[in-house]
Amino acid sequence: MAGIEFLSPEGLRVDGRRAHEIRKVQCKMGVFRQADGSAIMEQGNTKVIASVYGPHEVAIRSKSLHDRAVINCQHSVAAFSSGERRARSKSDRRSLEISRMIKETFEAAILTEFAAKSQIDIYVQILQSDGGNMCACINAATLALIDAGIPLRDYVSSCSAGFVEDTPLVDINYLEQGASGPDLSVAILPRSEKVVLFYMDSRMHVDNLERVLQAAVRGCHDVFGIMNRTVREHIEQHVGILDSKDI
Amino acid sequence: MAEEFKRIQPTEYLRRFVSQGVRPDGRSLTESRSISVNVGSITTADGSALVKVGNTTVICGIKGEFAVPGGDKSNEGYIVPNFELSPVSSPHVRPGPPSEEAQVISHFLSDLIKKSSFVNVEDLCIEAGKLAWALYCDLVCLDSDGSLTDASVIALLSALSSMRLPRAQVNEDTGLGEVTDTRDVKLQLNDFPVATTFGLFDGVYGLADPSNEEESLCGASFILTTSDNGLLFGCNKSGGAALPSQDLPSYMTIAVNRAKAVKSLIDTVCRDSDSINSIRSS
């Protein structure tokens with residue numbers, strides 16, 4: 001888009017942030033009664049809710065696995081969520097692709113051996129979309145899984161990064177996504193620093209990859225800090241005891 | 001002990017409460033759950049509302065688009081409601097095309113808009129025969145705990161009341177519609193029809209605003225749509241256990257009182273939201 005200054009000479013982005021700053025993150029767990037675990041995640045103007053059901057009996061018997069749990073994920077977008085109303089059907093390719101990526105991300109993070117022959121459902125619903133949707137979905141799903149009490153190898157925290165004027169931008173919003181630069185989404189297991197999701201479908205010179213990846217991973221750590229605090233506050237409220245430093 | 005009894009004999013469990021005039025959650029038979037309304041939380045939509053009736057949560061987002069008024073209705077706009085049950089809402093909702101329940105509620109809302117005329121579709125016309133607003137009202141249920149129709153109607157009313165559209169006109173040169181940046185066009189609602197669901201338990205006890213558990217144990221349910229000024233907009237009962245007709249007036253009274261409470265709640269919320277917006281923009 002011509003005319004928009006994505007990075008001003010003073011180092012400010014379109015929404016006033018600096019290149020390394022993530023958007024304001026607000027999250028809450030245990031928001032719905034029907035679900036076993038639920039969470040709402042807001043990163044800037046992107047609002048996502050996630051619900052987890054399970055472990056429960058596998059819906060389709062033939063898909064049941066004898067030694068681990070089956071993870072099922074569905075991602076839906078509300079019609080009013082983006083600037084243009086789009087009554088997207090649930091089976092359009094982009095939705096299915098994102099559902100698949102979230103499912104595979106969590107297959108790596110959930111200790112599926114603890115729930116053999118059963119199924120865990122993760123449902124994410126996007127209420128408001130302003131860039132970084134998939135990352136917000138993954139973060140919301142992590143909190144919902146923790147709320148449901150499903151054993152995880154580690155948190156999965158996710159953040160996106162772009163690249164403008166030789167500077168990596170962390171946590172890009174919808175406007176910045178529309179710029180012709182790259183849009184890299186990364187999800188990591190913060191304590192072991194392992195990458196579980198790595199997705200980019202634009203163009204970038206390979207020399208810049210390391211800096212953009214580092215920026216995105218730093219963003220993931222920032223988000224992880226907030227999610228960790230939220231989980232502890234939630235537990236404190238509901239259980240009232242928290243004396244160990246490392247859960 | 002009570003938990004086990006509830007699991008093994010859910011109907012008898014409920015009967016023990018209802019026969020004494022209360023329900024397991026402490027409400028009386030005629031009492032509805034508490035309602036909370038939040039408007040304007042979805043900034044990408046022209047109007048939005050998040051409504052909780054007890055645990056049942058429905059969010060409504062309205063987006064206005066330009067449309068050409070059709071044929072003999074050249075001075076009317078359109079209001080198109082669409083309700084869907086998100087898989088997030090309940091373990092029984094399977095992903096896929098809208099279930100029967102969702103379609104029934106969509107149809108209920110569409111009928112309510114068309115036949116009750118609680119909002120004038122002529123107000124949505126920008127220029128007769130050329131341009132009108134089409135309001136797409138998308139409702140998503142996020143948490144399903146009974147009486148979805150009630151929550152959907154309240155969400156729709158709240159979103160319509162708090163919606164602010166930009167001023168629009170037809171550009172004389174291009175013939176296309178264009179909008180200004182200000183958002184001050186409000187929609188005037190003539191009435192506030194509020195739906196109240198009742199579950200009929202044991203063919204005798206009418207439970208107002210049943211939860212999911214109560215609905216599943218009731219032999220029938222019926223919906224009364226009333227407004228705060230005592231008008232009846234609709235009654236729906238499809239089969240199931242028979243309802244003693246002499247009880248209807250008392251159910252109507254409950255429904256009208258609930259409609260009054262809902263209207264004053266929506267009015268308060270919209271007024272507060274307006275004052276917050278005017279503080280923000282000044």
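Pairs from the list B:52/B:115; A:24/A:194; B:52/B:237; B:73/B:130; A:24/B:52 with a Cα-Cα gap above 19 Å: B:52/B:115; A:24/A:194; B:52/B:237; A:24/B:52. Among B:156, B:14, B:248, the largest mean-square fluctuation in a Gaussian network model of chain B (Cα springs under 10 Å) belongs to B:248.
Placing unit charges on each Cβ (+1 for Lys and Arg, -1 for Asp and Glu) gives segment A:50-201 a dipole about its Cα centre, and among A:143, A:126, A:58 the Cα reaching farthest toward its positive end belongs to A:58.
State the answer as a single residue: which of A:179, B:157, A:225 lies farthest towards the positive end of the charge dipole of the protein assembly as shown, with beta carbon charges of +1 for Lys and Arg and -1 for Asp and Glu, about the Cα centre. Checked the options; the winner is A:225. Ranking B:241, B:182, B:259 by Cα position along the charge dipole of segment B:124-282, where only Lys, Arg, Asp and Glu carry charges on their C-beta atoms, puts B:182 farthest toward the positive end.
Taking every DSSP helix (H) stretch of at least 4 residues in chain A, weighting each as -39,500 (n - 2.57) and dividing the sum by the residue count yields a mean residue ellipticity at 222 nm of -9500 deg cm²/dmol.
Using a 1.4 angstrom probe on the protein heavy atoms only, could you order B:278, A:8 from most to least accessible area? Display every interim value, and only then the final one.
Working: B:278 65, A:8 15 Å².
I get B:278, A:8, largest accessible area first.
Simple point charges give the picture: +1 on the Cβ of Lys and Arg, -1 on the Cβ of Asp and Glu, and for the protein assembly as shown a dipole about the Cα centre of about 700 debye.
Could you tell me the relative contact order of segment B:52-179? Use alpha-carbon pairs under 8 Å, at least six residues apart, and round to a whole percent.
Values: 220 pairs, mean separation 53.3, N = 128.
Value for segment B:52-179: 42 percent.
Taking the Cα centre of segment A:1-124 as reference, the dipole from Cβ charges on Lys and Arg (+1) and Asp and Glu (-1) amounts to some 340 debye. About the centre of its Cα atoms, chain A shows a dipole size close to 700 debye [charges on the beta carbon of Lys, Arg (+1) and Asp, Glu (-1) only; nearest 20 debye]. Beta bridges from DSSP with both residues in the protein assembly as shown: antiparallel share about 85 percent, rounded to the nearest 5.
Which trypsin sites (Lys or Arg not before Pro) in segment A:155-213 pass both tests, a DSSP loop state and at most 12 other beta-carbon atoms within 10 Å? If you can, show how the numbers build up before the last one.
On the way: sites: A:191, A:194, A:203, A:211; in loops: A:191, A:203.
Passing both the DSSP loop test and the Cβ count: A:191, A:203.
A Förster radius of 35 Å combined with the Cβ-Cβ distance from residue A:214 to residue A:114 puts the calculated FRET efficiency at roughly 0.55.
Report the relative contact order of chain B, percent, no decimals, based on alpha-carbon pairs under 8 angstrom and at least 6 residues apart. Write down the numbers at each step before the final one.
Details: 558 pairs, mean separation 51.2, N = 282.
Relative contact order here is 18 percent.
Estimated from helices alone, the mean residue ellipticity of chain B at 222 nm is -10000 deg cm²/dmol (sum of -39500 (n - 2.57) over DSSP H runs with n ≥ 4, per residue). Ligands, DNA and RNA excluded, the heavy atoms of residue B:125 present near 30 Å² of accessible surface to a 1.4 Å solvent probe. Normalised by the number of residues in chain A, the average gap of Cα pairs under 8 Å and 6 or more apart makes the relative contact order 20 percent. Distance between the pseudo-spin-label points of residue A:86 and residue A:15 (7 Å out from Cα toward the beta carbon): 1.9 nm.
Among DSSP beta bridges lying fully in chain A, give the percent that are antiparallel, nearest 5.
Values: 38 of 46 bridges.
Taking every DSSP beta bridge within chain A, about 85 percent pair in antiparallel fashion.
The values are calculated or read from the model by the stated rules, or taken from the named source; none is laboratory data. Keep in mind it's a predicted model, so treat the numbers as computed, not measured. Cβ atoms come from the backbone with ideal geometry, glycine included; neighbour counts cover every protein chain shown. In case anyone asks, the SASA skips ligands and DNA or RNA and just uses the protein heavy atoms, side chains included. Shrake-Rupley method; radii C 1.70, N 1.55, O 1.52, S 1.80 Å.
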